Structures are given as C-alpha cells and as structure tokens.
C-alpha cells in the first residue's frame, strides 16, 4: 500500500531566506534615506549681460482687449521716472537694450509698456520673439551679443519665472501673481553666476513695497 506523504518545508529555509534578503532590505532603506544629489546650475554659454531687468507689462483692460488700461498707460509713462535721468534709482541701472514680447492677437501690452521709455532713451524695441519662446530669448541674451550691457525685458507674467530659470537664475517665486504689475526682477551676472532680486517699482500710489 502506497501512502502519500505531504512534503514539508525544512525549518531552516525561512531562516536562510531571511539571512539572504535582510542585507538587501537594509541597503534599500539606507539608500532611501540618503540625501539626493542637487543638480548643478545651468552653465552660461558665452558672456552674459551685466544686468537683465525683467518685468511684466503694465495693467490691462478687463474686457479681453489687447491694449493697456488707462492705469497701465499711466504706469508705462511713469517708467521714465525709474531711469531718466540715469542714476535716479541706484538699484535700477538705465537700460541699453530693450526687449518686449512679440505682438499677438491677444496682447500688444508689453510693447505698449516700454514704448515711452524706449522713445525717451532713443532705443529700438526688439519684439521679434513670442511669449512661449522665452528659451530662445534667454539663449539670445546669454550668447555674448549683449555682453556687459543692461537689458530690459517686458514679458507676460505666466512665463517670466521660466524665463528667469532659462537665464540661469532662480526666480523669487514659482509663479508671478495674476494681479501684480509693480515689480521688477533684476538679474546680475558676476563670474558666470546669476543673482536675482525682486524690486518694487514705486510708481503709482497703491504699488507694493
């Protein structure tokens, strides 16, 4: 008579598996707690400008039109108070080059914002680059073409933080607030490294400090 005997797992097998897997688990836990490497700053190609001043266009109409509001046109005119005459604001050097977002079906506001200042300084406005092509603008500014210059950029707020990153600077905030029109981000380049400041305009009565 043949008996069927159920196979039994030797008692030493679980212990053997534990001895094998325990070091692997400990290694995984140690790796998860180890500090992750920090990405190195993006290297700057060419010779950068001395300073880049970035700001949002002035106040807009609320009915979907592409122009500035009356308050926006007032701010655009008052921008001269920051730079004319030179040295009016020691923390804001006078621009030598002016960029503005390319005119679109939805907005002419960046060009309108810098037009009075450009006319006062007798400078052309380069508005050849569209809003979403901020990386192309950054590449142009860092190419060496504007080495040692002070460059002013009027852009749309949704892409300004990404523009700052593309310029090898860490933006002061992850987003530019929807209702904010009265700040300037100043980026200085020293020894190939970018430093950024968030500065007030102080042009209209309700501007932030």
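Identify the residue in the range 66-84 that is touching a strand residue (DSSP E or B) at 6+ places or on another chain (Cβ under 7 Å) and in a helix (DSSP H, G or I) and, among all such residues, is farthest from residue 178 (Cα to Cα).
Here the answer is 76.
For every residue, the table says whether it meets (1) surrounded by fewer than 17 Cβ atoms within 10 Å (Cβ to Cβ); (2) modelled with pLDDT of 95 or more; (3) part of a loop (DSSP other than H, G, I, E, B); (4) over 18 Å from the mean Cα position of the chain (by Cα).
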site: 64; (1), (2), (3), (4): yes, no, yes, yes
site: 99; (1), (2), (3), (4): no, yes, no, no
site: 118; (1), (2), (3), (4): no, yes, no, yes
site: 129; (1), (2), (3), (4): no, yes, yes, no
site: 133; (1), (2), (3), (4): yes, yes, no, no
site: 151; (1), (2), (3), (4): no, yes, no, no
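Within the group 208, 143, 168, which residue is over 15 Å from the mean Cα position of the chain (by Cα), over 24 Å from residue 89 (Cα atoms) and not in a helix (DSSP H, G or I)?
143
The values are calculated or read from the model by the stated rules, or taken from the named source; none is laboratory data. Since we're looking at a predicted model, the values are computed, not measured. Methodologically, a virtual Cβ is constructed for each residue, glycine included, from the backbone with ideal geometry; neighbour enumeration extends over all protein chains shown.
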